[in-house]
Amino acid sequence: MKEQMNPIYVIGHRNPDTDSICSAIGYAHLKKEMGEHAIPARAGKINAETKFVLEYFGLEKPELIQDLYPRVKEVMTEDVITIKPDDTLRELGSLMHRYSVKSVPVVDERKGVVGVVSVGDLAKRYFEEIEMQDLSQSGVDFSGLLRVLDGILLAGAENLHHKITGRLRIAAGSNETIEKFVKPGDVTLVSDRPNAQMACLQCKVACMIITGGALVTEEVLVAARKQGTVIIRAEHDTYTCARYVNQSIPVSLVMKNKVTAFKSTDLLSDVRTIMADTNFRVYPVVENGKMIGAIIRDKLIIQERTKIILVDHNERSQAVEGIEDAQIVEIIDHHRLGGLQTSDPIFIRHEPVGCTATIVSNMHWHRGIHIPPKIAGVLLSAIISDTVLFKSPTCTAKDRETAEKLADIAGLNIKEYGMQLLKAGASVKGMSAADIVGNDAKEFQIGNYRMVIAQLSVMDASEVLDMKTDLQEAMKRVCTKEGYDMALLLITNILEEGTHLIHVGQPTELLVKAFGESCESGDCYLPGVMSRKKQVVPPLAEAVRL
């Protein structure tokens with residue numbers, strides 16, 4: 001079986017922003033340099049600002065992980081022992097013995113997986129051995145006999161792939177006895193008696209198996225070739241040859257034709273239910289009609305959970321779906337603690353700074369690990385984005401200091417590059433109302449109220465505010481679909497350093513307590529508000545307690 005080093009996925013929150021994506025890339029780089037198999041990942045669509053960053057520095061999008069529910073691909077094995085439908089039972093038995101397997105998928109080159117055969121199927125056929133001397137219904141051809149006997153072909157090569165239509169006979173006794181019982185088309189086992197061999201040919205047998213490695217006279221060979229009889233010489237004795245002939249039956253005759261197969265993307269929870277209703281040891285995994293692996297029943301007993309490092313969030317509501325089925329090994333964040341529970345103690349780096357990328361950058365330097373220019377560029381981009389070019393109240397001196405060091409490494413002018421970045425993220429060209437209300441949306445539990453708060457930074461808010469009716473309709477649909485009490489959209493004007501708040505749902509009194517009477521209608525303006533984390537969520541949490 002092929003052994004693979006399981007990866008650790010570094011992933012940010014749903015509806016990822018630039019910090020979520022860039023910190024995942026940066027922290028995955030740090031872990032790789034420390035010798036770990038870390039892969040940056042994302043839990044949603046890349047926004048325009050992040051797209052600009054990745055294209056600017058020539059980096060690929062992190063791998064998209066839509067959920068962490070265990071799937072077939074995580075437990076399947078790619079090195080699967082298979083057999084062809086035309087292979088013999090003896091070849092099957094040898095294969096099972098050699099690889100210590102008890103169940104084998106049967107694969108046809110053109111049709112894909114056509115069956116599954118087990119030790120039980122093989123044993124059942126051996127118990128019926130006496131009845132198998134009539135080979136006419138078995139689909140056996142003479143090439144199968146040649147293989148199971150480890151024989152040497154002496155005559156009849158032109159008929160080697162013809163199907164057997166007669167019975168298996170042992171040519172013993174006198175010539176009269178042979179002529180009485182042997183019929184045209186039969187297969188006979190005969191030893192070193194030339195008279196008996198000629199008697200079999202006179203009966204027009206389809207095949208003669210010469211046992212014990214006996215010699216065959218030229219006279220017999222000439223006669224056999226003349227009438228197209230197949231002659232196979234085997235070193236085994238007559239009894240052993242008789243047993244081996246029975247094992248020439250093709251696998252297709254004993255296999256189970258009804259195959260329970262899965263796709264690599266099938267959920268293990270669904271697979272287990274199906275497996276509970278069946279009793280196979282091996283289940284093929286098929287994609288586009290081709291077998292790409294298999295699930296071994298015993299493999300499911302001990303299942304290693306996917307390892308995850310969370311960056312830029314620590315709340316269950318913001319994490320990728322299925323996080324409870326994964327193993328969280330680290331959390332790197334700069335937000336409030338959100339109550340995620342882990343089964344084991346883990347490493348947590350949690351600092352009150354303006355950006356997760358600030359933490360990630362300093363962890364590189366603290367461990368003496370060099371940050372390449374491209375990685376420095378994406379980490380700088382995250383800091384610029386999250387602090388809105390240092391205008392956000394969440395920005396700290398450590399963010400500024402870190403950004404300056406990263407800019408030196410990346411060879412960038414912070415102000416010039418920062419304005420390019422913010423303009424790229426401020427464009428709403430091509431965005432629908434649904435895109436806008438889903439932009440950098442995060443779920444929060446504020447007291448007894450479940451809310452979703454999205455934020456969009458713009459240079460000019462008028463274009464977005466003109467869409468207010470459509471935006472509120474889209475927000476209502478989100479609330480209905482996801483069961484939120486309220487949906488808030490923050491349209492933050494970078495140049496004015498203020499935020500327009502559009503909202504739907506109840507209770508609006510909560511907004512009034514948090515931000516004033518102007519928020520009683522469907523929208524209001526909050527001058528000086530730039531940060532959801534520091535200037536929106538805390539007042540809402542405080543208002544709940546009043």
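General observations
Quick grid of which residues meet (1) more than 36 Å from the chain's Cα centre (by Cα); (2) of a type in the set (Ser, Thr, Tyr):
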{"site": "343", "(1), (2)": "no, yes"}
{"site": "347", "(1), (2)": "no, no"}
{"site": "356", "(1), (2)": "no, yes"}
{"site": "362", "(1), (2)": "no, no"}
{"site": "367", "(1), (2)": "no, no"}
{"site": "370", "(1), (2)": "no, no"}
{"site": "394", "(1), (2)": "yes, yes"}
{"site": "397", "(1), (2)": "yes, no"}
{"site": "407", "(1), (2)": "yes, no"}
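- Complete set of residues in the stretch 504-519 that are of a type in the set (S, T, N, Q) and not in a helix (DSSP H, G or I): 506
- Applying the condition of being within 20 Å of residue 173 (Cβ to Cβ) and hydrophobic (A, V, I, L, M, F, W, C) to the stretch 217-241 and asking which residue is surrounded by the fewest Cβ atoms within 10 Å (Cβ to Cβ) yields 220.
- Just one of the listed residues (469, 387) is out of contact with any helix residue (DSSP H, G or I) (no Cβ under 6 Å at 6 or more places or on another chain) and either outside the structural domain of residue 374 (by TED's automatic domain parsing) or closer than 21 Å to residue 312 by Cβ (or both), namely 469.
- Residue identified as outside any loop (DSSP other than H, G, I, E, B), of a type outside the set (D, E, K, R) and within 19 Å of residue 40 (Cβ to Cβ) among 328, 348: 328
- Residue match in the stretch 231-239 (condition: modelled with pLDDT of 90 or more and in contact with a Lys or Arg (Cβ under 7 Å, 6 or more places away or on another chain)): no
- Exactly one residue out of 373, 393 is over 20 Å from residue 439 (Cβ atoms) and either at pLDDT below 95 or in the same structural domain as residue 496 (by TED's automatic domain parsing) (or both): that is 393.
- Qualifying residue in the stretch 320-338 (condition: outside the structural domain of residue 445 (by TED's automatic domain parsing), within 30 Å of residue 356 (Cα to Cα) and of a type in the set (Lys, Arg)): yes
- Residues in the stretch 242-276 that are loosely packed, with under 14 Cβ neighbours inside 10 Å and touching a Lys or Arg at 6+ places or on another chain (Cβ under 6 Å): 265 alone.
Condition check ((1) at pLDDT 85 or above; (2) in the same structural domain as residue 289 (by TED's automatic domain parsing); (3) crowded, with 18+ Cβ neighbours inside 10 Å) across all residues:
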site: 81; (1), (2), (3): yes, yes, no
site: 90; (1), (2), (3): no, yes, yes
site: 99; (1), (2), (3): yes, yes, no
site: 104; (1), (2), (3): yes, yes, yes
site: 108; (1), (2), (3): yes, yes, no
site: 117; (1), (2), (3): yes, yes, yes
site: 140; (1), (2), (3): no, no, yes
site: 144; (1), (2), (3): yes, no, yes
site: 153; (1), (2), (3): yes, no, no
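The values are calculated or read from the model by the stated rules, or taken from the named source; none is laboratory data. It should be emphasised that the depicted structure is a prediction, and the values quoted were computed from it without experimental measurement. Using ideal geometry, Cβ is built from the backbone for each residue, glycine included, and neighbour counts are taken over all protein chains shown.
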